[in-house]
Every structure is written in C-alpha cells, then in structure tokens.
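Worksheet: one structure, shown below.
What follows is calculated from the coordinates using simple rules that are stated; it is not laboratory data. Quick caveat, the model's predicted, so the values are computed rather than measured. Cβ coordinates were reconstructed from backbone atoms using ideal geometry, including for glycine residues, and neighbour counts include every protein chain displayed.
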There are 2 protein chains.
Amino acid sequence: MKLGEKLNVVTSNEGKYREYRKKLSKYTEVEMLNIGYPEIQTDFLEEVVEFGLEQLEGYKPILIDDSGLFIDDLQGFPGVYSAYVMNTLGCEGILKLMHDVENRKAEFLCIIGLIDENDEKILFRGRSRGMITEEQKGDEGFGYDPIFKPKGEERTFAQMSTSEKNSYSHRGKAVDNLIKAVKGDLEIQ
Amino acid sequence: MKLGEKLNVVTSNEGKYREYRKKLSKYTEVEMLNIGYPEIQTDFLEEVVEFGLEQLEGYKPILIDDSGLFIDDLQGFPGVYSAYVMNTLGCEGILKLMHDVENRKAEFLCIIGLIDENDEKILFRGRSRGMITEEQKGDEGFGYDPIFKPKGEERTFAQMSTSEKNSYSHRGKAVDNLIKAVKGDLEIQ
C-alpha cells in the first residue's frame, strides 16, 4: 500500500477528521472532504464501505469509514443502522430491549476503506468487545458510549477521556492497522 | 403517464409479483425481474425508491416498491429499516420497546416507483394508519401483521384474509393510485 502526497478524508465530522490528521500527518497530507455519498442497506459494514468507495472514485486518494454497535443477543442489532437507531430509540431504547436479558455481550466494529496512490481499494478493521451496561453512565464521548463497557474495564466509554477510549476503541484499532500497513508491517489480503 | 406493452416488476417475491400482475395485466404485460439493486440508507422511503430507479434505468419500463412500518412514539422506527428490524428484533422486540407506551399510533407506508414508456419517473404512495397492539394476534400475512390493527378495526392484519387486508393496506392503496393514473383519473405532480 502507498499513501502518496495527499489523502482526502471524506467526513462531515470535524472531530473524526482531526483524529485522522493527528495519526496520519506523519505519512501524508490529510485533507477534509465534506461531501455526502450514498450508503447502502446491508447487514455488513464492509459492503457499505466498498459501495461508498465506488461512488467516490473521482476524489481519490480517499479514506472513508463506517462503524456500528453489534449486540450478540439482538442478532447484531443495531449494527449497520446504529446512527439511525441512536436518532430514533437512543440509549434508552437499547436498555429497554436489553431489559432482563442475561447475555449482554456486544462489540463495536469500525471499517476503514481506502483508495491509495496505486488505485488499490483496501479495507482495515478494528473491533472492541465488551458489555451493555444496565444503565447509562458518564457524559464523555457520544452515541452508545454511556452504555458500553469494554472488556476488562469497569467504566463505560463515556466515563473515559478521549485518549483512554481511543486505546480500546474500534476506530483507534482500525487506524493502527492502517498505519501498520503504511509502514509495511501488515500483510494485506 | 403511459404504461406501454410491457412492465418489468423488479422483485424477488413471487407473491408480490402475482399481486401486481393481477391488478395491472388489464393495462400491460407484467413480467417478473428477479435482480437485486442497492437500497440506500435514508429516513425516507421515497429516496430509497428514487435511488433504486436510477440504478435500474437499463431495464425500463420498470416498477419497484419499498414499504415500512412507522411508529409515532418511536420517531418513526423501524421505518425504512423495517425488514432488517424484523430479522433482528422481530415483533417481540417492537412489543418490548412499546411496553408501557400509551401512544400506540403507527402507520404502514408503501412507495411504488415507476419508469414509464415515456421515460418519466413517477412515485405513488399508499398509507394505512392504525395502532400497535399489546400482544401478537393471528397467523395470516407476514412481518408486522400480528401487531398492527388498522384504524376502525378490532382485528390485526394477521387476523384477516389477504383480500380483506388488501382493502386496508398501504400497498393496495399505492397500486390503486397507480391504476387511477393509468386511467387518467389521477393528476400527477
């Protein structure tokens, strides 16, 4: 994989852009590209990202990502539709669905998609296993952070500082895999 | 609007195809076209259908549709993602989310999209208002039928025969609007 002189990070989220710039500016110039692109309905984040890359070929080299919370006992719900479910049901709705449910295991997944200098399409994955709490805790972060406790921790993501959360988080791990690939430390299939 | 000699109904659902053929064969030859096409993530069925028509232009004249259950108290959830939510949470999950909720109003919406003989893109809408029941009732139909009671009825869709359900249903009404347009009885904007 080869990053080239510039990389367009396609997002409307300033915070996300800054995170990528911070991590990648050692390797390339990172620019924010705030344009919308269609996301397809599918059960798999990988397919959302692959379809998105196809729509955005004219803007390469580009980076996009998509992520979601997958709850074991709910057959992966809210999954690919995590943002929509946050806007409609919110954390409250998830806790209602998990009422009296014993198996509270869940995972956050993040898929980064990239078209590099050589026109290659490459996906990177990051995963964070954990549990859905019984009630909301903490004010940091966003989305499902107040109800997700990563494995081996007693606090939710919303009770951690950003840098603490990043050390556990799905997006942090996906970016780490990308950087390994830039350095040539990761075999890409 | 002009239907021409043939219309391709894009669906993988034999029952849906037969319903369209039954209603439209008086006006045109109806063929089933079992091909997949990408559906985008959006809060609006209309946008799913419009995007779908664009993907399928090569197969015109075509008809596609999309439908969903929109629950007032859940900000329209499950809406555009009704099929996915049925596969993950099912009717049980919806009843759990509606536990202790007083406002049980909901509606089924169906949007039919068509590219006609003159290459015009036209959408037709059908709506069925009703209530979410407290428990599942009936074995007919499919999807959310056991928990949806149309306005003015004491029975759920799952307690009705197909033809009874069609007289109330969102898809039935959308097809009726299409037929009015074919006959020239409906002004299209």
* Hey, what did the stretch B:34-88 get for relative contact order, percent, Cα under 8 Å, at least 6 apart? -> 27 percent
* Asked: How far apart are the A:Glu92 label points across copies, placing each 7 Å from Cα toward Cβ, in nm, shortest first?
  -> 2.5
* trypsin sites (Lys or Arg not before Pro) restricted to DSSP loop in the stretch A:22-95 with at most 13 other C-beta within 10 Å -> A:Lys26
* Shielding by other protein chains, A:81-94, mean Cβ within 10 Å -> 4
* Asked: Of A:Asp100, A:Asp139, A:Asp73, which has the largest mean-square fluctuation in a 10 Å C-alpha GNM of chain A?
  -> A:Asp100
* Along each of its three principal axes, how wide is the spread of alpha-carbon positions in the protein assembly as shown, in whole angstrom units, largest first? -> 67, 49, 32
* Asked: Label-to-label distances across copies for A:Leu186, with labels 7 Å out along Cα→Cβ, in nm, shortest first?
  -> 5.1
* Where nothing but the Cβ of Lys and Arg (+1) and of Asp and Glu (-1) is charged, how large is the charge dipole of the stretch A:47-160 around its Cα centre, in debye to the nearest 20? -> 340 debye
* Structure fact -> Quick calc: nm separation of the 7 Å Cα→Cβ label points for B:Glu153 and B:Asp119 -> 4.2 nm
* Structure fact -> Which of A:Val101, A:Val85, A:Val175 fluctuates most in a GNM of chain A (C-alpha springs under 10 Å)? That residue is A:Val101
* **Net +/- balance of residues flanking B:Gly76 in space, Cβ distance below 12 Å, scoring K and R +1, D and E -1** => -3
* Position A:Thr162, label points 7 Å along Cα→Cβ, spacing to each other copy in nm (shortest first, one decimal) -> 5.7
* Run down the aspartates and glutamates and flag those whose C-alpha is under 20 Å from the C-alpha of B:Lys6, throwing out any fewer than 8 positions away in its chain. => B:Glu14, B:Glu19, B:Glu29, B:Glu31, B:Glu54, B:Glu57, B:Asp65, B:Asp116, B:Glu117, B:Asp119, B:Glu120, B:Asp176
* Quick one: of A:Lys96/A:Lys149; A:Lys60/A:Lys183; B:Lys22/B:Lys151, which pairs are farther than 24 Å apart, Cα to Cα? => B:Lys22/B:Lys151
* Within chain A, helix-based [θ] at 222 nm, where runs of 4 or more DSSP H residues each add -39,500 (n - 2.57), nearest 500 -> -9000 deg cm²/dmol
* Structure fact -> Phi-derived 3J(HN,Hα) across the stretch B:132-149 with the Karplus relation (6.51, -1.76, 1.60, θ = phi - 60°), rounded Hz, x for Gly and Pro, is 7, 6, 7, 8, 6, 9, x, 10, 7, x, 7, x, 8, 3, x, 10, 10, 10
* Asked: If you average the sequence gap of Cα pairs under 8 Å that are 6 or more apart and divide by the length of the stretch B:6-182, what percent do you get for the contact order?
  -> 18 percent
* Which of B:Val85, B:Leu69, B:Gly15, positive extreme of dipole for the stretch B:1-98 (C-beta unit charges) -> B:Gly15
* Asked: So how much slack lies between A:Asp43 and A:Arg21, counting 0.36 nm per residue of separation and subtracting their Cα-Cα distance, in nm?
  -> 5.0 nm
* Gyration tensor (Cα) of the stretch B:6-182, equivalent ellipsoid semi-axes in angstrom -> 29, 18, 13
